[in-house]
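The values are calculated or read from the model by the stated rules, or taken from the named source; none is laboratory data. Quantities reported herein were computed from a predicted structural model and do not represent experimental measurements. All Cβ positions, even for glycine, are placed from backbone atoms using ideal geometry, and neighbour counts span all protein chains on display.
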Amino acid sequence: MTARLSKPPLLLPLLLAALLTVDSCRACQVVIQPIKSAINKVKSTYNSFKKKITSEKPKYIGCYADRDDNRDIQFIGARKSDMTVSKCNAICKEEYPMTKFFGVQNGNLCFCGNDYGNYGVRRDGHCDKPCGGAKGEKCGGELLNSVYEITSK
């Protein structure tokens, strides 16, 4: 007659946990050291990747004129009352991954495309409308795009 277990035995995870916490055993160190080294490499790679992603900000290019009848930046990414520069960057990366630039306009509009500047450049001071989702950021103006280069492709 063989005994059957209704639940998986807890012994194996407990033994592995004990093995990983034993630092004084020489035989254990031979097994544990490569595992610890691999874990540290993964942690280091993750931390450097996380730092790069969270610190990388879209590169501001300038303030450019737009027209209602023929948009300067070809794709309308979104109209959101809580628009921010980072949000438009993320929208364009996800919705239009082939595009290189984005423009935020009038505090709530996001445009994505590969070209801009068909209607001329304006002074940065003209693109002074606060972003709906971040009052400290500038999101273009009326028929004016604050143009940025899309980051983290």
Is there a residue in the range 117-140 that is within 14 Å of K59 (Cβ to Cβ), at pLDDT 95 or above and of a type outside the set (G, A, S)? no
Of the numbered conditions (1) loosely packed, with under 12 Cβ neighbours inside 10 Å; (2) hydroxyl-bearing (S, T, Y); (3) modelled with pLDDT of 95 or more, S24 satisfies every one except a single condition; which is it? (3)
Can you name every residue in the range 38-58 that is part of a helix (DSSP H, G or I) and modelled with pLDDT of 75 or more? K41
Taking the range 96-153, which residues are of a type in the set (V, I, T) and not in a loop (DSSP other than H, G, I, E, B)? V104, V121, V147
What residue, among those in the range 59-94 that are outside any loop (DSSP other than H, G, I, E, B) and without any contact (Cβ under 8 Å) to a residue 24 or more places away in the chain, is farthest from E137 (Cα to Cα)? E94
